[in-house]
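See structure below.
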Amino acid sequence: KYLKEDELSEECKTLIPTLPTAPGWVHTTLYKYQGFWINSRLLQGVISCQKHFQSQHTDILLVTTPKSGTTWLKSILFTLINRTHLPPTQQNHPLLSTNPHILVPFLELKLYIEESNPDLSSFTSPRLFSTHLPYNSLPKSVQDSRCKIVYLCRNPKDTFVSLWAFANKLRLEQMGSNSLEQVFENFCEGVSLYGPFWDHVLSYWHLSLKNPEKICFLTYEEMKEEPEIHLRKLAEFLGCPISKKEDGENMVEGILDICSFDNLSNLKVNKEGKLPSGLNNSAFFRKGEVGDWKNYLTMEMVERLEKICEVGDWKNYLTM
Ligand code: A3P
């Protein structure tokens, strides 16, 4: 269910006219709230979860920039933390019949957008949730509790291309597609959902250095390059390391196999199913590759983006 503009709370309706605006990528205006860009529909979910979400010490929160591989990491985290009672090789594993966004709901995009105070009693410990919120805008209880944060980002060039393709899928047919050039300008200005992109990434990066017990910082590229190593690290970070016995049972391979792009994107549920919002599950699976930007961005675009992010080398960017 999607909230329509006229269903917004009075608080939101009063707040919105006071916020800076910019053109959205889909159809709505974007508003700058607490330093990041969000649409009016999501703003209500953001405010509501900031007010009401009570984090528990055992919670795990997956935080991502949009299009950085959230669907993949949701699948991996879900399979990892439930592996004892739901082995990944199990014939009726939930991932085989349920989209990862249902198994690991977004706080502000799903739980708190539908109800101002949703009933979370069906979530057993450790509860696993997800969000795109920047660190300073996380519900206070997340910052104060000992809950763990897994942060995933992706290089800005692939993130941008993925975001552009996704926004075009969300646009109504009669609206036509956004040209790449048009939205590239916006992205470079920092105007993208939950953007500026670099503010989001850098704040979590710096915090993960200061507090590695609390925040595990991962990139899509390193997960792709060395999935086994990073899956093991993730399991250790979450306090559930892969045991010798599990090694003997090829647990790591089992988790990576069920969560692979090929497996998930070819499941009936992800080919033909829809989220309650009406969005096709297939929209979350496009190519799943590193470096697809080479097929879309001109040299000028690459130079501009790298200059803004002071990248050149993505790792340098992160350590700067
Ligand atoms: P592309 O558009 O580059 O193909 P998010 O889940 O944050 O919305 O990100 C979507 C991106 O992750 C898409 O990238 C999608 O194809 C990719 N993706 C989805 N599932 C994946 C998986 N299991 N493994 C690797 N990449 C995946």
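Among the residues of the stretch 95-111, count how many are open to solvent by 10 Å² or more (accessible area, probe 1.4 Å) and under 20 Å from the mean Cα position of the chain (by Cα). So the answer is 8. Listed by position, the strands (runs of 3 or more DSSP E) enclosed by the stretch 20-133 that each have at least 1 residues that are within 15 Å of the ligand (Cβ to nearest atom) and at pLDDT 95 or above are 60-64, 128-131. Just checking, which of Y204, Y220 is among the hydroxyl-bearing types (S, T, Y) and open to solvent by 10 Å² or more (accessible area, probe 1.4 Å)? Matching residue, one of Y204, Y220: Y220.
Filter the stretch 197-224 for residues that are assigned to a helix (DSSP H, G or I) and out of contact with any strand residue (DSSP E or B) (no Cβ under 9 Å at 6 or more places or on another chain) and give the result. Correct list: W198, L202, S203, H206, K210, E221, E222, K224. Entry remark, the stretch 271-285: residues being open to solvent by less than 50 Å² (accessible area, probe 1.4 Å) and assigned to a loop (DSSP other than H, G, I, E, B) number 6 in total.
Results for (1) more than 30 Å from Y112 (Cα to Cα); (2) at pLDDT below 95; (3) within 16 Å of the ligand (Cβ to nearest atom), shown as yes or no for each residue.
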residue	(1), (2), (3)
E246	yes, no, no
E253	yes, no, yes
C259	no, no, yes
G273	no, no, yes
K287	yes, no, yes
T298	yes, no, no
R304	yes, yes, no
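The values are calculated or read from the model by the stated rules, or taken from the named source; none is laboratory data. From a predicted model like this one, the values you see are computed outputs, not experimental measurements. Because the Cβ atoms are built from the backbone with ideal geometry, glycine has one as well, and the counts that use them run over all protein chains shown. The protein model used for the area step is the full one, side chains on, heavy atoms only, and it has no ligands, DNA or RNA in it. Shrake-Rupley method; radii C 1.70, N 1.55, O 1.52, S 1.80 Å.
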